[in-house]
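Visitor: I have a structure I would like to understand better, so I am pasting it below and will then ask my questions one at a time.
Derivation of every value follows stated rules applied to the coordinates shown; laboratory data play no part. Just so we're clear, the structure is a prediction, and the values are computed from it rather than from any experiment. Counting neighbours? That spans all protein chains shown, and the Cβs are built from the backbone with ideal geometry, glycine included.
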Amino acid sequence: MPKTRHVSVGDGVLLLVGTMKGAFLVHADRSRKNWNVGGPYLAGEPIYAMAFDGRQGRRRLFAAGSNPVWGATLHTSDDFGRTWTNPENSPIRFPEGSGGALKQIWQVTLGRPGEDNVLYAGVEPAALFESRDAGTSWTLARALWDHPHRPRWEPGFGGLCLHTICPAPDDPGRILVAISSAGVYRTDDGGASWTTAHRGVRAEFRPDTYPEFGQCVHKIDGNAARPGRYFLQNHWGLYRTDDAGATWTDIADGVPSDFGFPVVCHPHDPDTAYIVPLESDNFRCTPEGKLRVYRTRNAGKSWQPFSKGLPQANAYETVLRDGMGVDALDPAGIYFGTRSGRLYASRDEGRSWKLLADGLPPIVCVKTAVIATTKPRKRATRRAQRRRRVHRA
Amino acid sequence: MAVTFHIPTYLRAFTHGEARVDLDVVPGSVRDALRALYEAYPGIRDRVETELGEVRPHVNVFLGEESIRWLGGLDTPVGGATEISIVPAVSGG
């Protein structure tokens, strides 16, 4: 096996990069000027989902391995990748009698603030699992698994997967999930019942453009600063909802294509979101051979391309649904990875970009974590002291 | 009677590094033999079989020199001293 290079993870930003051949950790201090790349971890395993859980004093990395021969499981590391668990039995598994067999874990999502031991996982075949003990044990969301639509859900090109989980920040009973290619489903009662939540989202590849279900939603992202608002990148179509999926509005005016995979929201501004359009479903590459990130700052009324630092010739790149992330700092850092193994970062909210790594295996997942190694009160005190010094000067 | 299992590299994480495991059991079938292996080394089960009890599509189980896919699957009878090999498919990119 390849030798793993470890990074020293201190106060700063950590990128969790899942690739088709293992995971990588990429770290910088809060200036985000100089980055160190660690890995490969879990070498050889496709890692489609990663997450960092820093709640309750934990420093736990999750990495969902999908070994093409030996199956899927959820690995954890409490020492930033130096050691990983390799559980005898996958902690995420379909219960006996359900008829399901875990093929792949597509998403690991933390619960709402205050639900400090809650995690959710989205898997293939399309199902939702919940953990209430910080990831030790997991339970199948039975009502969604037993949904009357499920026998007629059709797989997308990547498989029949539940790839997006959005716990509503303002409602402990509400969760939106996205399934390819079934659409958006929502519970308002903590998972006891689920209804479709994709009215207005088209399924261009079907004879009935607005079916009851069967939409191929590629990604949804929301912002806690404005509960109920989500942006959606569809298999053809770019949408926004302000009512938690009850209705979706087309916001694709001003982008070179409304086909693409990722969409991420700004961590502080609910009107701002980022996408990387692709030319079409037949040619899933950046249009015109130019790698461009598009940003809206007015909730989708208009879009602005950013290309500074990104290749603008012969760049036929693909960014997959979980290949883009943002950090929570101010200004926010934006990150994305390509199927060609290039990892880019912007520390000025998308205006300019820097290549952090080239030649990684195909990147399928980019998640972020802000690591605090000093107590927030101390940092605040130092900032206050600096402000006082400046004031005195 | 002993059944000898040949363990591939990936699964040796669950057999304390052993490439060969001998179990003193009298299985009626390959399924029984594997059950005995899983009991001794629980981590192997999830890697070889799905939750539905089916051998994963890219895992091959050989009885002697023949894949059980071309015999009777997991119900293939086991007679006499037996060697069972668990072999990952040569596939992927």
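Visitor: With +1 on the Cβ of every Lys and Arg and -1 on the Cβ of every Asp and Glu, and nothing else charged, how large is the dipole of the protein assembly as shown about its Cα centre, in debye rounded to the nearest 20? All intermediate terms of the calculation are to be shown ahead of the outcome.
Guide: Values: 60 positive and 53 negative charges, 644 e Å.
With Lys and Arg at +1 and Asp and Glu at -1, about 3100 debye.
Visitor: Using the Karplus curve 6.51 cos²θ - 1.76 cosθ + 1.60 with θ = phi - 60°, work out ³J(HN,Hα) for each residue of the range A:104-112 in order, rounded to whole Hz, and write x for Gly and Pro.
Guide: In residue order, the calculated couplings are 7, 9, 9, 7, 10, 10, 6, x, 5 Hz.
Visitor: If you don't mind, another one. Rounded if a/c is under 1.5, else prolate if a/b beats b/c, else oblate: with a ≥ b ≥ c from the C-alpha gyration tensor eigenvalues square-rooted, which is the protein assembly as shown?
Guide: Working: a/c = 1.88, a/b = 1.51, b/c = 1.24.
Verdict is prolate for the protein assembly as shown.
Visitor: Can you work out the Karplus-derived ³J(HN,Hα) for every residue in the range A:74-88? Use 6.51 cos²θ - 1.76 cosθ + 1.60 with θ = phi - 60°, whole Hz, and x for glycine or proline.
Guide: Here the 3J(HN,Hα) series is 10, 9, 10, 9, 9, 9, 6, x, 5, 9, 10, 6, 9, x, 4 Hz.
Visitor: Next question, about the same structure. Go ahead and set up a Gaussian network model of chain B, Cα springs under 10 Å, then flag whichever of B:Thr76, B:Thr15, B:Thr50 fluctuates most.
Guide: In this elastic network of chain B, the residue with the biggest mean-square fluctuation among B:Thr76, B:Thr15, B:Thr50 is B:Thr50.
Visitor: Give me the mean projected area, in nm² to one decimal, of the convex hull enclosing the Cα positions of the range B:3-88.
Guide: On the way: hull surface 19.9 nm².
Hull-based average projected area comes out at 5.0 nm².
Visitor: If one computes the Cα centroid of the range A:63-102 and of the range A:190-217, what distance in Å separates the two points?
Guide: Answer, in whole Å: 30.
Visitor: Put +1 on the Cβ of every Lys and Arg and -1 on every Asp and Glu Cβ in chain A; which of A:Ala134, A:Ser280, A:Gly350 then has its Cα farthest towards the positive end of the dipole?
Guide: A:Gly350
Visitor: Right, here's the next one. Sequence-distant or interchain residues sharing an amide H contact under 5 Å with A:Ala168, placed H: which?
Guide: For A:Ala168, the qualifying residues are A:Arg174, A:Ile175, A:Leu176.
Visitor: So what is the relative contact order for the range B:3-88, in percent, with contacts set as C-alpha pairs under 8 Å and at least six apart? Could the numbers behind the result be given before it?
Guide: Numbers: 120 pairs, mean separation 32.3, N = 86.
Computed value for the range B:3-88: 38 percent relative contact order.
Visitor: If r is the Cβ-Cβ distance from B:Asp24 to B:Ser67 and R0 is 25 Å, what FRET efficiency results, to the nearest 0.05? Don't jump to the answer; show the numbers that get you there.
Guide: On the way: r = 25 Å, r/R0 = 1.01.
That gives a FRET efficiency of 0.50.
Visitor: Nothing charged except the Cβ atoms of Lys and Arg (+1) and of Asp and Glu (-1): what's the magnitude of the dipole of the range A:201-286 about its Cα centre? Round to the nearest 20 debye. Don't jump to the answer; show the numbers that get you there.
Guide: On the way: 7 positive and 13 negative charges, 41 e Å.
Computed charge dipole of the range A:201-286: roughly 200 debye.
Visitor: Let me ask you something else. What length, rounded to one decimal in nm, is gained on full extension from A:Thr209 through to A:Asp78, with 0.36 nm per residue of separation minus their alpha-carbon distance? Write out the running numbers ahead of the final one.
Guide: Values: separation 131, 0.36 × 131 = 47.16 nm, distance 4.68 nm.
So the chain would gain 42.5 nm between A:Thr209 and A:Asp78.
Visitor: Within straight cross-link reach of A:Lys103, meaning Cα distance under 26 Å, which lysines are found once same-chain residues fewer than 8 apart are removed?
Guide: A:Lys21, A:Lys219, A:Lys367
Visitor: Turning to a different aspect of this structure: Can you compute 3J(HN,Hα) from phi for each residue in the range A:299-305, using the Karplus curve 6.51 cos²θ - 1.76 cosθ + 1.60 with θ = phi - 60°, rounded to whole Hz and x for Gly and Pro?
Guide: Here the 3J(HN,Hα) series is 6, x, 5, 8, 10, 10, x Hz.
Visitor: Here's another thing I want to ask about it. Can you give the FRET efficiency to the nearest 0.05 for B:Glu83 and A:Ser8, using r as the Cβ-Cβ distance and R₀ = 41 Å? Numbers along the way, then the final one.
Guide: On the way: r = 48 Å, r/R0 = 1.17.
My answer for the efficiency is 0.30.
Visitor: Right, something else. Could you tell me the relative contact order of chain A? Use alpha-carbon pairs under 8 Å, at least six residues apart, and round to a whole percent.
Guide: Numbers: 1086 pairs, mean separation 44.8, N = 393.
RCO, chain A: 11 percent.
Visitor: Just tell me how shielded A:87-94 is by partners: mean number of partner chain Cβ atoms within 10 Å of each residue's Cβ, no decimals. Walk me through the intermediate numbers first.
Guide: Values: counts 2, 10, 6, 3, 0, 0, 3, 3.
Whole-number average of other-chain Cβ neighbours for A:87-94 is 3.
Visitor: Radius of gyration and Dmax for the range A:131-247's Cα atoms, expressed in Å?
Guide: Here Rg and the maximum Cα pair distance are 13.9, 45 Å.
Visitor: Nearest 5 percent is fine: what portion of the DSSP beta bridges confined to the range B:3-88 is antiparallel?
Guide: On the way: 13 of 17 bridges.
Antiparallel bridges make up about 75 percent of those DSSP assigns within the range B:3-88.
Visitor: Still on this structure: Roughly how big is chain B's charge dipole about its Cα centre, with Cβ charges of +1 (Lys, Arg) and -1 (Asp, Glu), in debye to the nearest 20?
Guide: So the dipole magnitude of chain B works out to roughly 220 debye.
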